[in-house]
Each structure stands twice: as C-alpha cells, then as structure tokens.
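Trainee: First, the structure itself, so that you have it in front of you.
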Amino acid sequence: PYHNNTHAADVVHRLATIICTSKLYPAFLDNVDLLALLLAAAAHDYLHPGTNNNYHIAIGNQIARQFNDMHVLENQSIFLFLEMMQEQKVDFLGAMDAEDKKRMRSVMIHMVLATDMSEHFELVGSFKNKVIGVLKGH
C-alpha cells in the first residue's frame, strides 16, 4: 500500500527540506512548532487502511461513526499516533512543559486534519492568495 512507513519518512524528509531551505526555522518556527510539524508529517497516515474517507462513510463503519463522518482517516491517524506517543515505552516527551505539549498536540491535530483531500483545493487556493498578497505588498 502507498500509505506506509516509507511514505511517512518521505513526507517528513520533504517537510524538513522545505523548512531548512526556506529558513522557516528559526525565523518563523520555534522548537515546539518544528517538532509538532515533523511529528504531524510522520503521523498523517499512521495505520492508514488503504481506503478513503468516502468508502468508510458510505459503508457506515465504526471509524466513520466514531469521527462523525468528518476527516475520518485523518482523525483516526492522529488519534492513534497520539495514543501511541503516550505509551510509557514511547513517551519521549515526558519532561516537556505541559503548555508546550498542549500547543504541540494542537498543531499536530490541525496539520493532520488539513491533509484531508476533500479540502485540498480550498487550502491550496487560500495559500496561493496569501502568497500573492505578500508578493504584491498587501
């Protein structure tokens, strides 16, 4: 299947390259943001079943019901990834400040939910408009 560990590693690598070459870090991102973005990239298709949201909604299965037919697989991936990160043998964030953890979790959720292809063109359009605005000096 396409949504596997190699895909996750590729997305993390590409994101890290974009962040480094664009100098987003440390100019616009702090350490918490950077970690949240890289973890979200790793998590975005965690345990993906190889189907799509529409399939799960159409058959009305437990995953679709659990997440009220909204960002079904994205919600599942981030939920399971965050649960896995809290396991004692995995929790490398135990000493992290509680407010930083909360912010990191929020950024991760937001980033993973934004990978839902049903909103892809709207997000890309919004991004393009912001870039054009910056280039025009607005």
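The values are calculated or read from the model by the stated rules, or taken from the named source; none is laboratory data. All values derive from a computational prediction rather than experimental measurement. We place every Cβ from the backbone using ideal geometry, glycine too, and count neighbours over all the protein chains shown. Quick note on the areas: whole protein, heavy atoms, side chains included, nothing else; ligands and nucleic acids left out. Shrake-Rupley method; radii C 1.70, N 1.55, O 1.52, S 1.80 Å.
Trainee: Normalised by the residues of the chain, what does the relative contact order come to in percent, with Cα pairs under 8 Å and at least six apart?
Mentor: Numbers: 104 pairs, mean separation 36.1, N = 138.
About 26 percent, as a whole number.
Trainee: Oh, and also: How large is the charge dipole for the chain, taken about the Cα centre, if only the Cβ atoms of Lys, Arg (+1) and Asp, Glu (-1) carry charge, to the nearest 20 debye? Write out the running numbers ahead of the final one.
Mentor: Values: 11 positive and 15 negative charges, 79 e Å.
Result for the chain is approximately 380 debye, rounded to the nearest 20.
Trainee: So, one more: Given the rule -39500 (n - 2.57) for each run of at least 4 DSSP H residues, summed and divided by the residues of the chain, what is its mean residue ellipticity at 222 nm, to the nearest 500 deg cm²/dmol?
Mentor: Values: 8 runs with 93 residues, N = 138.
The per-residue figure over the chain is -20500 deg cm²/dmol.
Trainee: Return the carbon/sulfur percentage of the accessible area of the chain, one whole number, probe 1.4 Å, all protein chains in place.
Mentor: Values: 5690 of 9460 Å².
C and S fraction of accessible area: 60 percent.
Trainee: In addition: At a Förster distance of 22 Å, what's the computed FRET efficiency of residue 80 paired with residue 29, Cβ-Cβ distance as r, to 0.05?
Mentor: Numbers: r = 25 Å, r/R0 = 1.16.
Using R0 = 22 Å, I get an efficiency of 0.30.
Trainee: Hand me the GluC sites (Glu not before Pro) from the stretch 42-105 located in a DSSP loop with no more than 15 other Cβ atoms within 10 Å, in residue order please.
Mentor: Values: sites: 74, 83, 87, 99; in loops: 87.
The qualifying sites are 87.
Trainee: How much accessible area per residue does the stretch 12-61 have, counting only protein heavy atoms and a probe of 1.4 Å, in square angstrom? If you can, show how the numbers build up before the last one.
Mentor: On the way: 2990 Å² over 50 residues.
For the stretch 12-61, the per-residue accessible area is 60 Å².
Trainee: Rounded, prolate or oblate for the stretch 77-138? Axes are the square roots of the Cα gyration tensor eigenvalues, ordered a ≥ b ≥ c, and the cut-off for rounded is a/c under 1.5. Intermediate values should be presented prior to the final figure.
Mentor: Numbers: a/c = 5.05, a/b = 2.04, b/c = 2.47.
Cα axes put the stretch 77-138 in the oblate bin.
Trainee: Using 0.36 nm times the number of residues separating residue 14 and residue 122, minus their current alpha carbon distance, what extension gain do you get?
Mentor: Values: separation 108, 0.36 × 108 = 38.88 nm, distance 2.20 nm.
Length difference between fully extended and current span is 36.7 nm.
Trainee: Cα atoms only, the chain: Rg and Dmax in Å?
Mentor: Final numbers for Rg and Dmax: 16.5, 50 Å.
Trainee: Still on this model: Label residue 129 and residue 99 with points 7 Å out from Cα along Cα→Cβ: what is the distance between them in nm?
Mentor: Each label point lies 7 Å from its Cα, and together they span 3.3 nm.
Trainee: Once both labels are modelled 7 Å past Cα along the beta-carbon direction, what's the residue 136-residue 91 spacing in nm?
Mentor: Going from the residue 136 label point to the residue 91 one covers 5.0 nm.
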